[in-house]
Amino acid sequence: MFKHIRTQMQIQRRNRIVFIKLKLGILLVFNPFYSLIDHTNISQVEHELTYINSDTRTAQDNCMRFTCLMNSLSSSGKAKLNIHDKQYLIGEPPIESGLCLLKILIRESHLDSNATSSMIRTKLSNLDEYLTETNNDILKFNNHVRMLIDSLTTRGKTIQDLLTNLFRAYVACSDSTFGKYVADIQTKWEDGEDLTPEKLMDRVSSKYKIMKTKEGWIAPSAEQMKLVALDSKISELKKRYENRRAKLDQTRSERVTNGTATR
């Protein structure tokens, strides 16, 4: 969401309105590491009141900042923030404060704690389970991984065993051909080939798209084809047996009926 806000501001060529004034007087550019920003450091209401009701460029910047933030929220998000409207409506008459709104938004949107980082790491450790939930949709799976990595990065955290977790998930895919393809990549990596999680995800995404295009995704293996053929043959023999038994039963029934009629 905060990336979207920053993009909106850049498009409107108003980059300077994304500066956040801290108590120490330092100006920080609003960046992807928003979770590292302590909302208690964002300038207090007293500072906002010095310009918010004036006919100045700074006041216009405040209005633009507030509008960009609000336009980036869903209806439910706005409803949650409106509960705290007294905290971002300041002055007489009350005027919307962009910085105060940002302060509330950061406070309400994220539980930036060790527990949250631990939860994200747990999800990254159980990627094989998530791949099953996606019904082996590699693209959806990779997007999920990137989202988790981004969430962890914004909290200033990293994960060391991501490649291992990715390999374990990909190899467990239901498509045996795809699994073998990933296993070969893993072998080369274990032998010293340079590889990053992003490169691995790009490679498997390309392989997935090619296999889907050729309609070879989750195609049955040779062993599976044999089992399918055997099952088909058993079904056919069973059907023949049932038809033959039905004819015999009918013949017996006719004989009994004819015998009774003769008597």
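With the requirement that a residue be of a type in the set (A, V, I, L, M) and either in contact (Cβ under 8 Å) with a residue 24 or more places away in the chain or touching a His at 6+ places or on another chain (Cβ under 6 Å) (or both), what does the stretch 183-212 give you?
L195, L200, M201, V204, M211 - these are the residues of the stretch 183-212 that are of a type in the set (A, V, I, L, M) and either in contact (Cβ under 8 Å) with a residue 24 or more places away in the chain or touching a His at 6+ places or on another chain (Cβ under 6 Å) (or both).
Being in a helix (DSSP H, G or I) and more than 32 Å from the chain's Cα centre (by Cα) is true for just one of C68, C63. Which residue is that?
C63
For the stretch 122-138: of the residues being in contact with a helix residue (DSSP H, G or I) (Cβ under 7 Å, 6 or more places away or on another chain) and crowded, with 16+ Cβ neighbours inside 10 Å, which is farthest from Q160 (Cα to Cα)?
I138
Looking at L131, L111, L127, which one is closer than 23 Å to T154 by Cβ, within 16 Å of the chain's Cα centre (by Cα) and either hydrophobic (A, V, I, L, M, F, W, C) or modelled with pLDDT under 85 (or both)?
Criteria check complete, one pass: L127.
If S118 satisfies every condition in (1) part of a helix (DSSP H, G or I); (2) at pLDDT 85 or above; (3) surrounded by 14 or more Cβ atoms within 10 Å (Cβ to Cβ) but one, which is the exception?
With respect to (1) part of a helix (DSSP H, G or I); (2) at pLDDT 85 or above; (3) surrounded by 14 or more Cβ atoms within 10 Å (Cβ to Cβ), S118 is out only on (3).
Condition test on G156, is it under 11 Å from V204 (Cβ atoms) and either assigned by TED's automatic domain parsing to the domain that holds R203 or surrounded by fewer than 18 Cβ atoms within 10 Å (Cβ to Cβ) (or both)?
Taking the combined requirement at face value, the residue does not satisfy it.
The values are calculated or read from the model by the stated rules, or taken from the named source; none is laboratory data. Remember, predicted model here, so these are calculated numbers, not experimental data. Note: ideal-geometry Cβ built from the backbone for every residue, glycine included; neighbour counts use all protein chains shown.
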